Amino acid sequence: MSRLARPTDNRVIGGVCAALARRFGTSATTMRVVFLASCLLPGPQFLLYIALWILFPSEHKVRTSAW
């Protein structure tokens with residue numbers, strides 16, 4: 001599994017679905033469809049997306065860091 005970081009390519013809004021898709025080995029389109037389907041259910045999906053957008057570092061920041 002790869003590290004969770006929002007990619008600089010294949011982003012639509014924030015890159016959260018693309019990062020999760022890369023982590024779990026699926027396509028970004030599949031992850032986006034799953035997210036949109038989950039929005040039909042009651043719950044804090046949009047708040048979770050925004051929180052993950054803030055918490056996941058951008059890929060170019062991960063590449064340039066010393067760690």
- prompt: Could you give the semi-axes, largest first, of the ellipsoid that matches the chain, computed as the square roots of 5 times the alpha carbon gyration tensor eigenvalues and rounded to whole Å?
  reply: 22, 13, 9
message: Connecting C-alpha atoms closer than 10 Å in a GNM of the chain, tell me which of A37, A19, A51 has the biggest fluctuation.
response: A37
- prompt: Using modelled amide H (1.01 Å from N, peptide plane; none on Pro or chain starts), what sits under 5 Å from the amide H of S58, excluding residues fewer than 5 places away?
  reply: R6
query: Of the residues F35, F46, F56, which exhibits the maximal mean-square fluctuation in a Gaussian network model of the chain defined by a 10 Å Cα contact cut-off?
result: F46
- request: Using just the helices of the chain, give the 222 nm mean residue ellipticity in deg cm²/dmol: DSSP H runs with n ≥ 4 each add -39,500 (n - 2.57), and the total is spread over all residues, rounded to 500.
  value: -16000 deg cm²/dmol
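Carbon and sulfur atoms: what percent of the 1.4 Å accessible area of the chain do they account for? Numbers along the way, then the final one.
Working: 3370 of 4880 Å².
On the chain, the fraction of accessible area on carbon and sulfur atoms equals 69 percent.
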field: 1.4 Å probe accessible area per residue over the chain, in Å²
entry: 73
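Output the relative contact order of the chain, whole-number percent, from Cα pairs under 8 angstrom with separation of 6+ residues. Don't skip to the answer; put the middle values down first.
Working: 64 pairs, mean separation 25.8, N = 67.
39 percent.
The values are calculated or read from the model by the stated rules, or taken from the named source; none is laboratory data. A quick note: this is a predicted structure, and the numbers were derived from the prediction, not measured. Remember, those area values only see protein heavy atoms, side chains included, never the ligands or the DNA or RNA. Shrake-Rupley method; radii C 1.70, N 1.55, O 1.52, S 1.80 Å.
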